[in-house]
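Okay, so here's the structure we're looking at.
Derivation of every value follows stated rules applied to the coordinates shown; laboratory data play no part. As the structure is a prediction and not an experimental result, all values here were calculated from the model. Because the Cβ atoms are built from the backbone with ideal geometry, glycine has one as well, and the counts that use them run over all protein chains shown.
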Amino acid sequence: MSIYFTHPQLGQEVESIAGVYAYTEEKRLQIDEKDVLYFIGYSVTNKSCCGVGGCMFATVAGFVLQYAAKKDRDNIVSEVEPITEEALRKYIEKLIKAQGVLQVNFAG
């Protein structure tokens, strides 16, 4: 099963009630001759009653089936296969966390 994944806009900060987050990098990781598309970002909690904090995070889109399947002036949308196998998710999470990322989320 494939899904269409809208790429986050890099460098665009999104404010929330508790702080701000932004994606900073688009990356690929090759596993079994397939490309895993993922994005790295940061979050800063600076408007919370619980204090200030922050972390690096990643969002894994999935295995690339068609990069930039749809594109307009503001968005890139790729067709990906979500990664659902738990053992594979843990392996990918370990590889991404080795880059200093604290939280890894999977689309789909």
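The table below lists the values:
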read-out: Entries of LYS71/LYS97; LYS34/LYS90; LYS27/LYS94; LYS27/LYS70 with Cα pairs more than 21 Å apart; value: LYS71/LYS97
read-out: Extreme residue, positive dipole direction of the chain, given options TYR67, TYR91, SER16 (C-beta unit charges); value: SER16
read-out: Projected area, mean over directions - the range 58-108, Cα convex hull, nm²; value: 4.1
read-out: Of LEU88, LEU37, LEU29, the one that fluctuates the most in a GNM where the chain has Cα springs shorter than 10 Å; value: LEU88
read-out: Cβ-Cβ FRET estimate between LYS47 and TYR91, R0 fixed at 41 Å, reported to 0.05; value: 0.70
read-out: Computed over the chain, the ratio Rg/Rh where both radii use C-alpha atoms and Rh is Kirkwood; value: 1.00
read-out: Potential extension, TYR67-ASP32 segment - 0.36 nm per residue separation minus Cα distance; value: 10.8 nm
